[in-house]
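The values are calculated or read from the model by the stated rules, or taken from the named source; none is laboratory data. As the structure is a prediction and not an experimental result, all values here were calculated from the model. Positions of Cβ are generated from backbone atoms using ideal geometry, with glycine treated the same way; all protein chains shown enter the neighbour counts. To get the accessible areas, we keep the full protein, side chains included, count just its heavy atoms, and leave off ligands, DNA and RNA. Shrake-Rupley method; radii C 1.70, N 1.55, O 1.52, S 1.80 Å.
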2 protein chains.
Amino acid sequence: MQSFPLERDGLVPVYVQIRKRLLDRITSGDLKAGDLMPSEQEISGTLGVSRMTARQAVKSLCDWGIAYSMRGKGTFVSPVKLEKNFRQAQSFTEEMNALGFRPSSQVFALKAERAPTEVAEALKAGRNSEVIRLDRLRLANSKPMGIECAYLLHSMCPGLIHVFDPQASLYETLWKQFGLSIAVADEIVEVGLPSAAAASLLRISRNKPVFLFTRVSYARRGHSMQAVEYVKSTYRGDRYKIANRLTRAKLKLAGISV
Amino acid sequence: MQSFPLERDGLVPVYVQIRKRLLDRITSGDLKAGDLMPSEQEISGTLGVSRMTARQAVKSLCDWGIAYSMRGKGTFVSPVKLEKNFRQAQSFTEEMNALGFRPSSQVFALKAERAPTEVAEALKAGRNSEVIRLDRLRLANSKPMGIECAYLLHSMCPGLIHVFDPQASLYETLWKQFGLSIAVADEIVEVGLPSAAAASLLRISRNKPVFLFTRVSYARRGHSMQAVEYVKSTYRGDRYKIANRLTRAKLKLAGISV
DNA sequence: CTGCACTAGATGTATAGACAAGTTGATTGT
DNA sequence: ACAATCAACTTGTCTATACATCTAGTGCAG
């Protein structure tokens, strides 16, 4: 643990500073997988904070799966490596940037229309709700990766048609222009064969398997969680794969298995 | 909040009891999505616990995504429904049971062999490690769903070949016979076309797209996380889909995006 | 050498209090 | 009528303490 003093100016909570120091020791390799981390008492004494504050820092690392505690023994660094490319609710743009590819898009539809039944139901909107439809071919390093057909609730982002830059990230635009931050998304993944139009755009033959995604994204707006976006995507099977980390359900006592 | 007293016998922590009461109010519909939950002070006063204990109960609900807090306003029930069928690190058996199907298996290989290079690397075991290979056709309601080819470290489950019941759940056997509890698994999902053998077993033609899973499962044994199982699976694309819940990365301040 | 008791140290739980900071609505002064 | 202020209530952070429970080692009695 570095011993230079913590900042008590109230700008950054003390437990966040402690957590950052612990994370730095893990990412720098000073603390390796399976290593014993400093105990709560030790942190408390070294940095001059109460044990509960030290505990708050350690516990949040455990909540994130970066460490785990064993009663009576101590807290250890989790041996399962942290990998960046586990799919989060991030946009194609962010995902490709994280993987080191250069993302781009070709917009071939951007217009307002009545929500199809399937879309209206998924977004829990009225049958005749107006949506903005955005069809894009997605490319990484100029090679076609997939097609995305997005439906956005017009009421949540009025005027998107006029302010949207075809090369910009949709999620970034939603945030900067409309204050919408996509917090969670439910996604169904299926396999299939591409439609004739999709095969042509993706430059593959129609008998090549593809990923089919159906996604509903939710934004936190004030204190309500609002369905904002419905997307159907087709991605090339030879250029795309999904990495998932599966974790055992946490809840059994409570009767809900999350 | 029910007002009958909490049990202070130390068997069940007080904050777990409080959490259970809050969860009961949510699952029973007493508290609906978007509703304001009782404040920490209110819980503290009503149940006669300290505010920090009440807070611990509320915070764990927030950690699980069941509720969310806003400073100055209160804590609200999260509007996104809890669904049971989001893929966890559960076995085929558990998954099919949860979906209401009747799972079964046909074992067509169960033998000890030297780990192939790919398997040895994934399990972080020596080149000549002995593994147990278990090939199974998986069926739901007697219809073929997929093929799983599992490699298990022999050192972690010696004698599995003799005690394994072909109709039992592998994970259940690992737990009951060897004390191995699969805690986390990393999975790669790809799409492809089935091999001739796979197509025949799955009773599909070779041009039907399939899911290809590659999975490494880890068990917590003592205080170390040990790779135990390497599985390659082929699942029928017309009978299988994946439901994922994607959540925004929590960490930005700390410099790690989990 | 075996086995039991004890101890030091670790996390888990619980309490009581304090202050900071954000929200909301009522009150008060202009 | 309007605007600024204040009061009450919320969550967020931090401290100091206490006891429970589990682990691992030490040492002593047998």
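Of note:
- Check on B:Y240, in a loop (DSSP other than H, G, I, E, B), open to solvent by less than 30 Å² (accessible area, probe 1.4 Å) and in contact (Cβ under 8 Å) with a residue 12 or more places away in the chain: yes
- Considering B:L174, B:L180, B:L110, the condition of being away from DNA strand D (no atom under 16 Å from the Cβ) and assigned to a strand (DSSP E or B) is satisfied by B:L110 alone.
- Tabulated pairs, segment B:57-84, first over 24 Å from A:G65 (Cα atoms) and buried (at least 18 other Cβ atoms within 10 Å of the Cβ), second of a type in the set (K, R) and modelled with pLDDT under 90, C-beta under 7 angstrom, 6+ apart or interchain: B:V77/B:K32
- Of the criteria (1) under 19 Å from B:C62 (Cα atoms); (2) more than 10 Å from DNA strand C (Cβ to nearest atom), which one B:T46 fails: (1)
- Residue tally, condition open to solvent by 80 Å² or more (accessible area, probe 1.4 Å), within 14 Å of chain B (Cβ to nearest Cβ) and not in a loop (DSSP other than H, G, I, E, B), over segment A:24-48: 2
- Test: residue in segment B:83-102 that is of a type in the set (A, V, I, L, M, F, W, C) and at pLDDT 85 or above: yes
- Every pair of residues 6+ apart whose Cβ atoms lie under 6 Å, when the first sits in segment B:168-181 and is within 14 Å of chain A (Cβ to nearest Cβ) while the second is among the small types (G, A, S): B:Y171/B:S91; B:W175/B:S181; B:L180/B:A219; B:S181/B:A219
- Note on segment B:1-13: residues that are away from chain A (no Cβ under 14 Å) and within 12 Å of DNA strand D (Cβ to nearest atom) amount to 3.
- Residue list for segment A:49-68, filter: away from every other protein chain (no Cβ under 11 Å) and near DNA strand C (Cβ under 9 Å from one of its atoms): A:S50, A:R51, A:A54, A:R55, A:V58
- Looking at B:L6, B:L22, B:L11, just one residue is within 12 Å of DNA strand C (Cβ to nearest atom), among the aliphatic types (A, V, I, L, M) and either farther than 30 Å from A:G65 by Cβ or in contact (Cβ under 8 Å) with a residue 24 or more places away in the chain (or both), and that residue is B:L6.
- Filter result for A:R21 (modelled with pLDDT under 95, within 15 Å of DNA strand D (Cβ to nearest atom), farther than 26 Å from A:L246 by Cβ and not in a loop (DSSP other than H, G, I, E, B)): yes
- Of the residues in segment A:171-194, none is surrounded by 13 or more Cβ atoms within 10 Å (Cβ to Cβ), closer than 16 Å to A:T93 by Cβ and of a type in the set (K, R).
- Remark: B:A120 falls outside the filter, which requires a residue to be outside any helix (DSSP H, G or I), open to solvent by less than 20 Å² (accessible area, probe 1.4 Å) and in the same structural domain as B:A219 (by TED's automatic domain parsing).
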